[in-house]
1. So which residues in segment 156-195 are in contact with a Ser or Thr (Cβ under 8 Å, 6 or more places away or on another chain) and modelled with pLDDT under 95?
2. Here is a list: Ser281, Ser348, Ser303. Which entry is hydroxyl-bearing (Ser, Thr, Tyr), farther than 25 Å from Leu183 by Cβ, in contact (Cβ under 8 Å) with a residue 60 or more places away in the chain and out of contact with any Lys or Arg (no Cβ under 7 Å at 6 or more places or on another chain)?
3. Regarding segment 62-71, can at least one residue be identified that is free of Cβ contacts under 8 Å to residues at least 12 places away in the same chain, in the same structural domain as Ile324 (by TED's automatic domain parsing) and touching a Leu at 6+ places or on another chain (Cβ under 7 Å)?
4. State all residues of segment 20-41 that are in a helix (DSSP H, G or I) and among the charged types (D, E, K, R); if no residue qualifies, say none.
5. Count, please, the residues in segment 291-307 that happen to be assigned to a helix (DSSP H, G or I) and either under 15 Å from Ala359 (Cβ atoms) or among the hydrophobic types (A, V, I, L, M, F, W, C) (or both).
6. Please state which of the following conditions Ser387 fails to meet, knowing it meets all the rest: (1) outside the structural domain of Pro255 (by TED's automatic domain parsing); (2) of a type outside the set (Asp, Glu); (3) buried (at least 19 other Cβ atoms within 10 Å of the Cβ); (4) on the phi < 0 side of the Ramachandran plot.
7. Between Ala405, Ala376, Ala380, which is surrounded by fewer than 21 Cβ atoms within 10 Å (Cβ to Cβ) and part of a helix (DSSP H, G or I)?
8. Assuming Ile17 fulfils every condition listed in (1) of a type outside the set (Phe, Trp, Tyr); (2) crowded, with 17+ Cβ neighbours inside 10 Å; (3) not in a loop (DSSP other than H, G, I, E, B) apart from one, which condition is it?
Amino acid sequence: MRGYALLSAALFFLTGIVYLVLGRWPVTHQDFWRIYDTCLHRSWLYSTALKYNGHSHFFPAQLWLADLRWLSGNQDFLFAAGLLFQLIATAVLVAVIWRDISIERTTRLVATMVVIVCAFWMGRASMTATGGFNCCYSLVLSCAALSFYFLSSVARGARGEASFLAVIIICNTVATFSFGTGLTTWPASLFVAYCLRLRARFLFVLALAAIVVALIFVALPAREAGSPLAAGIQWAAPGTYLTLLHYFCRLLGSPALHVCAAWIPGNTPPRDQLALLAMSSGVGGVIFASVVFVVKLTRRNLSAGLETIALGLITLNFTAFALITLARADHIRVLPEELDAPRYLYWSSLFWVGLLLFALAHAQKSTWLRWPALGAALAAPVLAFPSHYREGLHWHYARLISYQAGVSLINGIHDDKTIGILSPYPGLVYRLAKDMRARRLDMFAAGYQEWIGRPVSALFPAPPRSVRLRGNCIARVVQTQPLGVRITGSIAQRGGRPPDLMLIIDSRNIIRGIAFSSATRQWINELFYANTFGPKSIVGFVAHYDPSAQYAIRSVEKGTLSSESVPVPPASLTKSE
């Protein structure tokens, strides 16, 4: 059992990090177009104090503002920072488990496995593969984990209760102004502190701090016009409460849907049956959590350690989804698929981790609970691995498509279909891309866009060098005014690897576009993706395509142009769909 737990933890930890690194967003994406629009055109104070979609990002905003100021908007920096917070949160939760010497070693090892499997499960990658969002989410979780850690220390009678209280208040404050879910660290900390039988003065100060921070949060300016927390809810209608309960249970049970869907072959699993499964598991989870709340609230016999973080995670996410249900009820009514939105899996999966950890904490005290709890925990990695692998594939593919969208912006292409993966608002992307191009930010940082329209001899005066460039490509129209084409193909040079950087030149040796490799290294493709992706793929664009001209691709390596070229066949003048 111990060997299995260690192997499962190591497997999810290592493959999770690899899949995240290979599936991270390479360019600005989604909500960050709107966030960066504010950051680039307003003051530091306004940009950091502003709430976006009801969320305060004050502390993580310092990271992306510093990135824009000193690192040219490098998304890899934000990804590394988010991954660091993710590792810190996991490490703190594991540290609390291993400090609990009242729990036997096997149980602690299985509990550690549960935390690590959840932390690096790729089902949460909609938030963990994006650097900016992971900075928000994992910073909240890190602060919450630290709060539970110090609450356990106070309960054990460690010296410096006032210092621990100050640290807990600081952690909860940072969480609150990192993402909206951070607000729920306050009720979670208060409930855990109450169940640990901490002194009334401790609880009073913590509650007072919560009120003050909540008032500051509410007073912050918002980018979008605010709406009431429960907008659109008809409280007088009897069915409203059943509807809200349905939404609440479905959101909490969503991980079951995503995990089981990966076991069904094909891309169209029976959603109705899976929705029933998610609903059933959500109802079961709510009943289990409610029993835990009632027992701990009445007995106040919470143990410092494993039980503390279990109850903390349950309370944090139970409260968070109660707020989400109220805030999103009207939105869910219009768009029911919102109940399965992957962005909620970051928190709903932690709710189930909390329930599993609570069951494990009581497993050695109850003979009838021991084997069901251990069995459920040990089954989790097996059940979750197909979805883990499938999401690893999905996010690597998403990285390649978003990289292609970034390349299109470098080349000045305005194709809504290509840009769709970066944002549902292409007009905002094109407008902000002009500003980012002028400032050399993100995909424009290297300045390749400034090569377009210049003669090759002006940039590469050295004699061309043979790299044995070989391959083939095709051109498809993606933009009609002015005429623009996307060039894709399979090109390799000496050693069989694709060149990282290529130029698309016309017959007069004028650079008309830039192309990049979108290939996956062969050993990575075989080991992690079962040879799903192309090992020699390239993508490039020409924004002002002349049907009468002849184009060719030449590679650039170490500042030297290749002597070989790959011809680009004429593009069909019908726009590709």
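The values are calculated or read from the model by the stated rules, or taken from the named source; none is laboratory data. Please read these numbers as outputs of a predicted model, since none were measured by experiment. Note: ideal-geometry Cβ built from the backbone for every residue, glycine included; neighbour counts use all protein chains shown.
1. Matches in segment 156-195: Gly180 only.
2. On the way: Ser281 fails: in contact (Cβ under 8 Å) with a residue 60 or more places away in the chain; Ser348 fails: farther than 25 Å from Leu183 by Cβ.
Testing whether each residue is hydroxyl-bearing (Ser, Thr, Tyr), farther than 25 Å from Leu183 by Cβ, in contact (Cβ under 8 Å) with a residue 60 or more places away in the chain and out of contact with any Lys or Arg (no Cβ under 7 Å at 6 or more places or on another chain) leaves just Ser303.
3. Initially, segment 62-71 is screened for residues free of Cβ contacts under 8 Å to residues at least 12 places away in the same chain, giving 66-67, 69-71.
Then keep just the ones that are in the same structural domain as Ile324 (by TED's automatic domain parsing); that gives 66-67, 69-71.
From the residues that got through so far, the ones that are touching a Leu at 6+ places or on another chain (Cβ under 7 Å) too are 67.
Within segment 62-71 (the criterion being free of Cβ contacts under 8 Å to residues at least 12 places away in the same chain, in the same structural domain as Ile324 (by TED's automatic domain parsing) and touching a Leu at 6+ places or on another chain (Cβ under 7 Å)), the answer is yes, since at least one residue qualifies.
4. As a first pass, look at segment 20-41 and keep what is in a helix (DSSP H, G or I): 20-23, 32-41.
Residues satisfying the conditions are Arg34, Asp37.
5. If we filter segment 291-307 for residues that are assigned to a helix (DSSP H, G or I), which is where we start, we get 291-299, 306-307.
Next, only the ones that are either under 15 Å from Ala359 (Cβ atoms) or among the hydrophobic types (A, V, I, L, M, F, W, C) (or both) stay: 291-297, 306-307.
Of the residues in that region, 9 qualify.
6. So Ser387 meets the others, but not (1).
7. So the residue among Ala405, Ala376, Ala380 that is surrounded by fewer than 21 Cβ atoms within 10 Å (Cβ to Cβ) and part of a helix (DSSP H, G or I) is Ala376.
8. (2)
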